[in-house]
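Below: the structure, in C-alpha cells.
Here, each number is a calculation from the coordinates, and none is a lab measurement. Please read all numbers here as calculations on a predicted model, not as lab measurements. Counting neighbours? That spans all protein chains shown, and the Cβs are built from the backbone with ideal geometry, glycine included.
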Amino acid sequence: MAQIQMFSNDRIMELPRSVSSVEILPAADVLDTLRSTREVSAVILDPWYNKGVGGSRPDYHEWLADVIDAACKISQHVFVWGFPEIVAYQIPQLPEGVGLVSWLTWYYKNCPSVIRGWRSAQNTCLHLAREGATVYPEHFLNEEQLARWESGKMRFVPGPPSVIEAPLNVGFVRRNEQTGHPAQKPLAVIKPLILMSTEESDTVLDPMCGSGTTGEACLHLNRNAILCDNSDEYLSISENRIADYVRKQNGG
Ligand SMILES: C[S@@+](CC[C@H](N)C(=O)[O-])C[C@H]1O[C@@H](n2cnc3c(N)ncnc32)[C@H](O)[C@@H]1O
C-alpha cells in the first residue's frame, strides 16, 4: 500500500491505490521557498491580487516579477494567477528563455460584489513555460479519443479551451469544498493546469498555497505536491483539508 506523507506534523497516513505525497513545509516567504526548493515539474503562483482581500503594496509588480523569476529557475511550467489588469504588467518582463504559452481565463458569474460599475467575473492565469517544455493536451481526452490517438487515427489532439468556466465557491456553491480561506480557488480551476503540465508522479510546488487546493488536486490526479504559505493559520487549513481527504479515501 502506498503512502501519503505530511511532513509538517510528522504525521504519515496511508492512502490506498495512490503513489502521491503531499509535503507541507513550515511557514515561509514565497521567495525563500522558491530559492530553497529542488527542481519541480510545475509551480502554481496564486498571490494576493493587489486589491481587495490581502491589500495592496506599492512594489507589487516588481515583487511579482522577482517571484516569477525565482519560480522559472526551478520549473519548466509556471502558472501566475491574478486579475487581468494586474498580471498584464508581467508580460513584457518575462525571464529570458521563458514564454507565454497561454493567457487563461477563469470565468465565474456568481461574484457577490457591491462595487459600482463592472462586477468582477474573471481571473487570469498566465501559463508560462521555458522553451521546449512539454505540454500534455492528451491528458484531457476521454477513453475513446485516447484509444484513437494511441492507435494513430487522430490527426491532432484537440486541446481544452483556454477559458475555464466554474463558479466561485461561495454560499451554497460547492459547500463541501469550502474551507473558510477567503480566496480559495475551486479544484475545477487548478486541476487543468496540473493536467496540462505534468504526468503522474510528477511534483507541483505551490508556495502560496492558502487552503491547499493544489495539494488536494494533486492527490486526485496522482501527482505529488509541495505546499507552503507565510501564514500558519492557512497552513493549518491546508493540513486539515489534506488529512480529511486522506481519511475519507481510507474509508474513515
Ligand atoms: C489567493 S490566496 C491562495 C489561495 C489558494 N490558491 C487556495 O485555493 O486556497 C494567496 C495566499 O498567499 C499567501 N501569501 C501572500 N503573500 C505571501 C508571501 N510573501 N509568502 C508566502 N505566502 C504568501 C497568503 O497567506 C494566501 O494564503
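Assorted remarks:
- Reach of residue 109 by Cα under 17 Å, taken over aspartates and glutamates that are not fewer than 8 positions away in the same chain: 165
- Taking label positions 7 Å along the Cα-Cβ direction at both residue 248 and residue 27, the computed distance is 2.7 nm, reported to one decimal.
- Once the Cα-Cα distance is subtracted from the 0.36 nm per residue extended length, the residue 62 to residue 109 segment shows a gain of 13.8 nm.
- Total charge dipole magnitude, the chain, about the Cα centre, Cβ charges on Lys, Arg, Asp, Glu only, Debye to nearest 20: 860
- With helices as the sole contributors, the chain gives -8500 deg cm²/dmol at 222 nm; each DSSP H run of n ≥ 4 counts as -39500 (n - 2.57), and the sum is divided by every residue.
- Modelled spin-label separation between residue 88 and residue 73, with each label point placed 7 Å from Cα along the Cα-to-Cβ direction: 3.0 nm.
- Translational diffusion coefficient (Stokes-Einstein; Kirkwood radius from C-alpha pairs) of the chain at 25 °C, 0.890 mPa s, in µm²/s: 130
- A simple spin-label model places the labels of residue 176 and residue 116 4.3 nm from each other, with each point 7 Å out along Cα-to-Cβ.
- The listed peptides 84-96, 227-239, ordered by packing as a protection proxy, come out as 227-239, 84-96 (highest mean of other Cβ atoms within 10 Å first).
- Relative contact order %, the chain, counting alpha carbon pairs below 8 Å whose residues are six or more apart: 24
- Whole-Å distance, taken between Cα centres, linking segment 91-152 and segment 172-228: 15
- Highest-first arrangement of 107-117, 215-225, 22-32, where packing means the average Cβ count within 10 Å: 215-225, 22-32, 107-117
- Computed over segment 82-215, the quotient of the alpha carbon radius of gyration and 2.2 N^0.38 Å is 1.21.
- One chain, two ends: residue 130 and residue 144. Fully extended at 0.36 nm per residue, the span grows by 1.9 nm beyond their Cα-Cα distance.
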